[in-house]
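Visitor: This is the structure I want to talk about, given as structure tokens.
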Amino acid sequence: MPKASDTLWDLAIAEVEKRENPDDDDDDDVKPGEVWEKSILFMGNKNGGKTTIILRCLEREESPKPTLALEYTFGRRARRHNTPKDVAHFWELGGGTSLVELIRIPITVHNIRSFAVVLVLDLSKPNELWTTMESLLQVTRNHVNKIVTKLEKTNPEVAAEIKQRMWNNLQRDHPDSALVDPFPIPLVIIGSKYDIFHEFDSEMRKIISKTLRFVSHYYGASLVFTSKSEALQLKARALINHLAFGYDKSKSVSVDPSKPLFIPAGLDSMSQIGPPPASDSDLGKMRANTPLELWKKVFEKTFPPKSFSDLQDTKDPAQDSQYAEYEVDVMRAQKNQELEQYKRNASKSWKEMDFDSD
């Protein structure tokens with residue numbers, strides 16, 4: 001509680017200390033009358049449908065627009081009549097995998113306990129699927145692990161809580177405990193554009209579905225396939241609303257590869273998923289250090305990946321007419337000219353330099 005004698009600097013220092021050392025009062029068990037506040041980062045394939053999913057979750061009748069870099073919006077819901085509205089912060093990473101380093105902005109030491117990730121994978125582009133998933137989750141996981149390492153020094157109780165929470169979806173003594181590697185924060189994987197995917201050859205659908213089941217179970221994530229269908233959108237919304245507003249988690253499961261998958265975290269198993277879709281002789285020839293690596297090799301044998309550079313967003317947002325600002329653009333043009341002049345001068349100076357040869 002601030003005192004009347006506190007200066008502005010005292011208050012600022014207290015606020016920084018509070019943010020860097022979140023105490024145990026900021027827990028998931030929100031007391032009556034308190035506001036539930038969560039954050040979710042949506043990422044995935046470019047044009048994969050992330051914005052549409054967010055708009056449907058927030059029940060906004062808007063036409064989705066291309067996402068530029070990192071965008072933010074929020075939603076508010078009241079759990080009961082005449083109670084404060086809970087808040088969910090929705091972040092969306094645009095550009096596919098090209099701007100993945102921006103995930104450091106929304107995920108911080110201050111909100112890590114209340115953060116979740118939604119990975120949207122375009123089912124109509126299986127050759128981009130594994131590369132997109134791997135690059136986005138890898139950078140996110142590395143960043144979260146750095147935050148947890150920092151918390152181990154500043155607030156070990158919170159760090160221990162985060163590590164324990166990773167395993168909450170897996171029942172104690174689960175036979176897959178030694179075969180999985182749960183993601184450090186809650187994760188939902190959404191397979192979008194199921195309407196296009198449904199037209200694929202049945203064997204292709206089976207391989208993709210089985211692989212995503214394995215990946216989701218391996219990371220302790222929930223998995224849902226969605227499309228323009230209102231019924232499928234409701235299933236995706238149910239998983240997201242559980243993360244954002246604490247709504248009850250669905251216990252229903254759909255694992256039939258001929259139908260849209262819906263598998264909440266912890267309700268699948270390696271025995272039900274089965275082995276990677278490859279012959280015994282092919283599996284014997286593949287060298288892998290982890291189950292995930294083995295599934296990757298099998299999947300990419302059927303769906304050779306696009307190179308990482310092919311997935312980069314080559315469009316320069318600075319050249320987009322919808323973001324034009326005359327004064328800024330004039331200054332940018334001037335700076336570009338100065339940069340080119342600097343390059344010419346530097347190149348000229350370099351060529352004129354004498355190097356001693358020993």
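Read-outs: derived from the displayed coordinates by stated rules, not from any lab. Since the model is a prediction, treat every value here as computed from it, not as a measurement. Every residue, glycine among them, receives a Cβ derived from its backbone with ideal geometry; neighbour counts consider all protein chains shown.
Visitor: Evaluated at 4 °C with a viscosity of 1.567 mPa s, what Stokes-Einstein diffusion coefficient in µm²/s does region 137-248 have when Rh comes from the Kirkwood expression over alpha-carbon pairs? All intermediate terms of the calculation are to be shown ahead of the outcome.
Guide: Values: Rh = 16.0 Å.
Roughly 81 µm²/s, to the nearest whole number.
Visitor: Per 0.36 nm of contour for each residue apart, how much would the distance between Lys306 and Ala231 grow if the chain were fully extended, relative to their Cα-Cα spacing?
Guide: Working: separation 75, 0.36 × 75 = 27.00 nm, distance 3.22 nm.
The Lys306-Ala231 span can extend by a further 23.8 nm.
Visitor: Continuing with the same structure: Using a ≥ b ≥ c from the Cα gyration tensor of region 50-208 (square roots of the eigenvalues), is it rounded, prolate or oblate, where a/c under 1.5 gives rounded and otherwise the larger of a/b and b/c decides, a/b for prolate? Each step should come with its number before you reach the end.
Guide: On the way: a/c = 1.56, a/b = 1.16, b/c = 1.34.
Judged from the Cα gyration tensor, region 50-208 comes out oblate (a/c at least 1.5, b/c at or above a/b).
Visitor: On to the next question. For region 189-248, what does the alpha-carbon gyration tensor say about shape, rounded, prolate or oblate, given a ≥ b ≥ c as the root eigenvalues, a/c under 1.5 as rounded, and a/b over b/c as prolate? Write out the running numbers ahead of the final one.
Guide: Working: a/c = 3.98, a/b = 1.39, b/c = 2.85.
Here region 189-248 falls in the oblate category.
Visitor: Given points 7 Å out from each Cα along the Cα-Cβ axis, report the His110 to Ala288 separation in nanometres with one decimal.
Guide: 4.2
Visitor: Each label point is 7 Å from the Cα along the Cα-to-Cβ direction; what then is the distance between the points at Asp280 and Phe200, in nm?
Guide: My value for the distance between the label points is 2.8 nm.
Visitor: Mind listing the long-range amide H neighbours of Gly191? Cut-off is under 5 Å, sequence gap 5 or more, other chains count too, H placed in the peptide plane at 1.01 Å from N.
Guide: Close amide H contacts, sequence-distant or interchain: Leu121, Val224, Phe225, Thr226.
Visitor: How far apart, in nm, are the 7 Å Cα→Cβ label points at Lys251 and Ala178?
Guide: Going by the 7 Å Cα→Cβ label model, 3.1 nm.
Visitor: Once you've got the Cα coordinates, tell me which of Lys38/Lys249; Lys38/Lys228; Lys65/Lys296 are over 22 Å apart.
Guide: Working: Lys38/Lys249 16 Å; Lys38/Lys228 26 Å; Lys65/Lys296 33 Å.
Table pairs above 22 Å Cα-Cα are Lys38/Lys228; Lys65/Lys296.
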